[in-house]
Amino acid sequence: MTHEEDLWFLPGPLEEAPDDLPPGPRAEPPDTAAIEDWAKAEGVHAARLARVAGRLGALDDRLLRGPEGWRHRLALIEAADLSWFAGDRVSSDRLALWISMRLSGAQDDPNALALGTSNKEGVPSVRMVLLKGHSEKGFVFYTNLNSQKGNEIKENPNATMCFHWKSLLRQIRIVGTLKQVDDQTADEYYNSRAYDSRIGAWASKQSSILQTRDELLDALENYKKKYNDKDNVPRPSHWSGWNLTPSTIEFWLDGDNRIHERLKYSIDKNGSWIKSLLSP
């Protein structure tokens, strides 16, 4: 149960407007979608918000004066939802941290992941890539097949992925085996990309050494001349996707004092998923 004294991070009533707020009317700019989102969220979480209505009201009064007040209120809703999801085990300071990250504009790129590979000698390498597809078959990303990671995957198809959603206090760790996607799948995604991105796939000899930056820029201009029809840029044979078929997936939830929650799923020889609770 949340008590008022637990919400020390919320401001009390304001005697006067802070100096750092912009002058002018206290009404927010019209944004129908934002107002509808707020109303929907407010309705879903009305009972929870009622428990701290007095303190939230004071904060809301301050936020209404800013040009993006609705964003701040939605952040509060999301914070309340996080606390509810975790069964009220999220302490007030953690809730304050969540709010401060949202208000500061910190945003996750939810499809960004750290991809770990190694070569045939077992020398590891890790880099950030973007997830571009997922299904029961696995998790898909795209790259130059002749890049460092492409060559490492050819030598050793075992790999690992890690999603880190900092503002959600969560990670997802995946271990599995990589296999190149079929040409149709690669073509469909490649053709959905922006023209400049498709040209870049031709021009960039990814991971190779450049003598000067102009070498790359010249290649970009040359391929733009060669493929000047923006609707007809073929996919290079050296550019495709990889699908990671998982053998283990771990869900990690941050806990106070590093007492995290870790839930691991491992696939057995019969193809069934076995669930295990891990010590933090």
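Inspect all residues belonging to region 123-139 and state whether any of them is touching a helix residue (DSSP H, G or I) at 6+ places or on another chain (Cβ under 7 Å), surrounded by 16 or more Cβ atoms within 10 Å (Cβ to Cβ) and over 22 Å from P234 (Cα atoms). For region 123-139, residues touching a helix residue (DSSP H, G or I) at 6+ places or on another chain (Cβ under 7 Å), surrounded by 16 or more Cβ atoms within 10 Å (Cβ to Cβ) and over 22 Å from P234 (Cα atoms): absent. Could you tell me whether V123 is closer than 30 Å to R262 by Cβ and of a type in the set (A, V, I, L, M, F, W, C)? So V123 passes the test.
Could we say that R198 is assigned to a helix (DSSP H, G or I), surrounded by 12 or more Cβ atoms within 10 Å (Cβ to Cβ), in contact (Cβ under 8 Å) with a residue 24 or more places away in the chain and not aliphatic (A, V, I, L, M) here? Yes, satisfied. Listed here are the strands (runs of 3 or more DSSP E) enclosed by region 124-187 that have at least 3 residues being assigned by TED's automatic domain parsing to the domain that holds S272 and touching a strand residue (DSSP E or B) at 6+ places or on another chain (Cβ under 6 Å): 124-130, 138-144, 158-165, 170-180. Number of residues in region 253-280 that are part of a loop (DSSP other than H, G, I, E, B) and of a type in the set (D, E, K, R): the value is 3.
Here is a yes/no grid of residues against (1) modelled with pLDDT of 95 or more; (2) of a type outside the set (D, E):
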position	(1), (2)
L103	no, yes
V123	yes, yes
V126	yes, yes
E136	no, no
F141	yes, yes
G150	yes, yes
K154	yes, yes
V181	yes, yes
A186	yes, yes
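Total residues in region 233-280 satisfying the condition of being hydroxyl-bearing (S, T, Y) and out of contact with any strand residue (DSSP E or B) (no Cβ under 7 Å at 6 or more places or on another chain): the figure is 3. Pick from L210, L244: which is within 22 Å of G150 (Cα to Cα), under 28 Å from the mean Cα position of the chain (by Cα) and not in a helix (DSSP H, G or I)? Residue meeting the stated conditions: L244. Only residues that are within 15 Å of the chain's Cα centre (by Cα), over 20 Å from S118 (Cβ atoms) and of a type in the set (K, R) were counted across region 134-193, and they come to 2.
The values are calculated or read from the model by the stated rules, or taken from the named source; none is laboratory data. This one's a predicted model, so the numbers in the text were calculated from it and none came from an experiment. Please note: Cβ atoms are built from the backbone with ideal geometry, for glycine as well, and neighbour counts cover all protein chains shown.
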